[in-house]
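Asker: Here it is: the structure, laid out below.
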Amino acid sequence: MNQVFSSTEANYDAKAAVTPEIAANFSNFSFPGYISGMKRGSEDIALSNGLVPAGTLVDNNNDAKKAKVDKGQNNITPSRVVHLRNIPTEASEAEIIHLGMPFGRVTNVLVLKGKNQAFLEMAEESAAVAMVSYFTTCSAQLRGRTVYVQFSNHRELKTDQTHSNSNASAQAAIQAAQALNGQTVDTQGGPNTVLRVIVENMVYPVTLDVLYQIFSRVGQVLKIVTFTKNNTFQALIQYPDVVMAQAAKMNLDGQNIYNGCCTLRIEYSKLGTLNVKFNNDKSRDYTNPSLPSGEPGLDVSFSLGAPGVLASSFATMRGLASPLTSPFGTIGGLQLPGAAALNTAALRLPGQTGAGCVLLVSNLSEETVTPDALFTLFGVYGDVQRVKILFNKKDTALIQMSEPQQAYLAQTHLDKVKLFGKQIRVMPSKHQGVQMPKEGQPDAGLTKDYSASPLHRFKKPGSKNYQNIYAPSATLHLSNIPPTVGEEEIKAAFAEAGFDVKAFKFFPKDHKMALIQLDSVDEAIVALIKMHNFQLSDASHLRVSFSKSTI
């Protein structure tokens, strides 16, 4: 990397932060699209004299079964049976069934794998009419292939007694698909257009804009409301129709936004529509951009179309006090079933215009700050690879993290905190990496490479340490305390380093961990820098983090 670092930074411009998994999995998957125009073909290629010729009904185990279809009128008129053409060979029965479920209950399925065709039998003719009508203007897609939908000539699907196993397999696939979708076998009608999304294990911040970028890959997002309930970040997302909502639920439920964290749990909301009053970082009506933003700094409540249902505003991201933390992996969170993908190169972390790993830190104390101090402090939020204090401007440094998400997390928590008495500023750098000084170039030890450091906290993807990341606080969490070291010895070590200990408490069930409270947040930041990796015994070094608790 041949870059010359200037003393100041300009605009931040880099590629988006996506994990390899996301790029790979999104790239091949196609959601229901909006391609006008439909081709209609004859069932003659699949059926002859009402019999399925050598065509097979295939379940997920590829068991071959033959079936017979009772033939009705020759002319194509509305029927409970829907004919699907151009089905991908690798498509499963469940995927095919899911195409019909938003419109009503599916009672039978027949897949002709060798003919790339399938038949869905709906419980009601009105459901079949709704399905054909919808897919006449909006094309259905499975695994990247456009599927053509029309009425069948046949009034119902029947499997004779000699092929009863075929029918059993079809019914099992239907029940499994309905259970996966949260429906019972007797449920009539489709699911709701409003989804309730819960983000579990939220290691990294998730914002309304991130959710919009993800869910708009499936179809047009009309409205989003975000809120915190039971200390968990949630959102309500409204689509224009149940087909898009169904596709979003089917393909995004259970997926991670980031590697190993921020898991999406999706269910249908009981609300029929969202009534959004403000367009801001908590809620947005994409159909009405003229809505006011509301008063800044105040918690905003939203009427969600049902009495007594209110959404509180999402607590400030800075503290990450709630378990709302999960990342869109290292370019690999979402693993959509059977396929390929959305191009998520445009997905960015909230507040960033790019996805670099390098941070610009300014207004540092020139007399006190060192690369080691910055490595330890920023290492609370990610694995620091390199630190460079600028030779000609020693109150400014470049810090390279191992992942863009870690850089964003460090910026979120450390921007504007006081370090050695000065309020530092942390912002993205336009540089993609920190260059080590060339031989003979003046540096005076201001640039250091920490890539091989044993003190990295997040070496393992999805490390549990991500679940214990908090904003700087006056209370520190101590761990790796040997059984031979007691409270007085630890307090004495902090006092000798110049810190006034206000309170101390061992964990009741685990004396390897303790909480120690200092006089202020500013003092705790310095204490973390000085006491992390402090040698308590021949084999034990103290590990120090910020705590969300108080003593």
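Asker: Would you please list the contacts, defined by Cβ atoms under 7 Å and residues six or more apart or on different chains, that run from a residue in the stretch 126-142 that is crowded, with 23+ Cβ neighbours inside 10 Å to a residue that is of a type in the set (Ser, Thr, Tyr) and modelled with pLDDT of 85 or more?
Answerer: ALA128/SER79
Asker: Moving to a separate point now. Quick check on my filter: what residues within the stretch 518-541 are open to solvent by less than 70 Å² (accessible area, probe 1.4 Å) and touching a His at 6+ places or on another chain (Cβ under 6 Å)?
Answerer: Within the stretch 518-541, just ASN533 meets the criteria.
Asker: Residues of the stretch 518-548 being in contact with a strand residue (DSSP E or B) (Cβ under 6 Å, 6 or more places away or on another chain) and among the small types (Gly, Ala, Ser), which ones?
Answerer: ALA524, SER545, SER547
Asker: Kindly evaluate ASP383 against the criterion of being acidic (Asp, Glu) and farther than 23 Å from SER453 by Cα.
Answerer: For ASP383, the condition - acidic (Asp, Glu) and farther than 23 Å from SER453 by Cα - is not met.
Asker: Right, something else. Looking at (1) of a type outside the set (Val, Ile, Thr); (2) in a loop (DSSP other than H, G, I, E, B); (3) farther than 27 Å from GLY382 by Cα, can you tell me which one GLU489 breaks?
Answerer: (2)
Asker: Shifting gears a bit: Does the stretch 108-121 hold any residues that are over 14 Å from GLN141 (Cα atoms) and either open to solvent by less than 30 Å² (accessible area, probe 1.4 Å) or among the acidic types (Asp, Glu) (or both), and which are they?
Answerer: Correct list: ASN108, VAL109, LEU110, VAL111, LEU112, PHE119, LEU120, GLU121.
Asker: Give the stretch 358-407 a look and list any residue that's part of a loop (DSSP other than H, G, I, E, B), surrounded by 18 or more Cβ atoms within 10 Å (Cβ to Cβ) and at pLDDT 90 or above, or say none.
Answerer: Within the stretch 358-407, LEU364, VAL369, GLY379, VAL380, TYR381, GLY382, ASP383, LEU390, THR396 qualify.
Each row is one residue, and each column tells you yes or no for (1) under 23 Å from MET202 (Cβ atoms); (2) open to solvent by less than 30 Å² (accessible area, probe 1.4 Å); (3) modelled with pLDDT of 85 or more.
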| site | (1), (2), (3) |
| --- | --- |
| ALA248 | yes, yes, no |
| ASN256 | yes, no, yes |
| SER269 | yes, yes, yes |
| LEU274 | yes, yes, yes |
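Asker: Taking the stretch 219-261 as the search range and keeping residues that are more than 14 Å from the chain's Cα centre (by Cα) and small (Gly, Ala, Ser), which one is farthest from ILE97 (Cα to Cα)?
Answerer: Of everything passing the filter in the stretch 219-261, GLY219 is farthest from ILE97 (Cα to Cα).
Asker: Name the residue that is farthest from PRO483 (Cα to Cα), counting only residues in the stretch 499-517 that are out of contact with any strand residue (DSSP E or B) (no Cβ under 7 Å at 6 or more places or on another chain), in contact (Cβ under 8 Å) with a residue 12 or more places away in the chain and open to solvent by 40 Å² or more (accessible area, probe 1.4 Å).
Answerer: Out of the qualifying residues, it is ASP500.
Asker: I'd like to verify a number: residues in the stretch 414-423 that are crowded, with 22+ Cβ neighbours inside 10 Å and in contact (Cβ under 8 Å) with a residue 60 or more places away in the chain, how many?
Answerer: Residues that pass the stated criteria total 1.
Asker: So, restricting to strands (runs of 3 or more DSSP E) that lie completely within the stretch 156-244, which ones have at least 2 residues that are open to solvent by less than 20 Å² (accessible area, probe 1.4 Å) and at pLDDT 90 or above?
Answerer: Strands (runs of 3 or more DSSP E) meeting the threshold: 194-200, 223-229, 232-238.
Asker: Ok, one more. Taking the stated definitions as given, is VAL387 β-branched (Val, Ile, Thr) and under 26 Å from THR207 (Cβ atoms)?
Answerer: no
Asker: Can you tell me which condition LYS71 does not meet? The list is (1) basic (Lys, Arg); (2) over 34 Å from the mean Cα position of the chain (by Cα); (3) modelled with pLDDT of 75 or more, and all the others hold.
Answerer: Of (1) basic (Lys, Arg); (2) over 34 Å from the mean Cα position of the chain (by Cα); (3) modelled with pLDDT of 75 or more, only one is false for LYS71: (3).
Asker: Output the number of residues of the stretch 509-551 satisfying the condition of being in a strand (DSSP E or B) and aliphatic (A, V, I, L, M).
Answerer: Within the stretch 509-551, residues that are in a strand (DSSP E or B) and aliphatic (A, V, I, L, M) number 5.
The values are calculated or read from the model by the stated rules, or taken from the named source; none is laboratory data. All values reported here derive from a predicted model rather than from experimental measurement. So basically every Cβ, Gly included, is an ideal-geometry build from the backbone, and we count neighbours across all protein chains shown. These area figures cover heavy atoms from the full protein model, side chains too; ligands, DNA and RNA do not enter into them. Shrake-Rupley method; radii C 1.70, N 1.55, O 1.52, S 1.80 Å.
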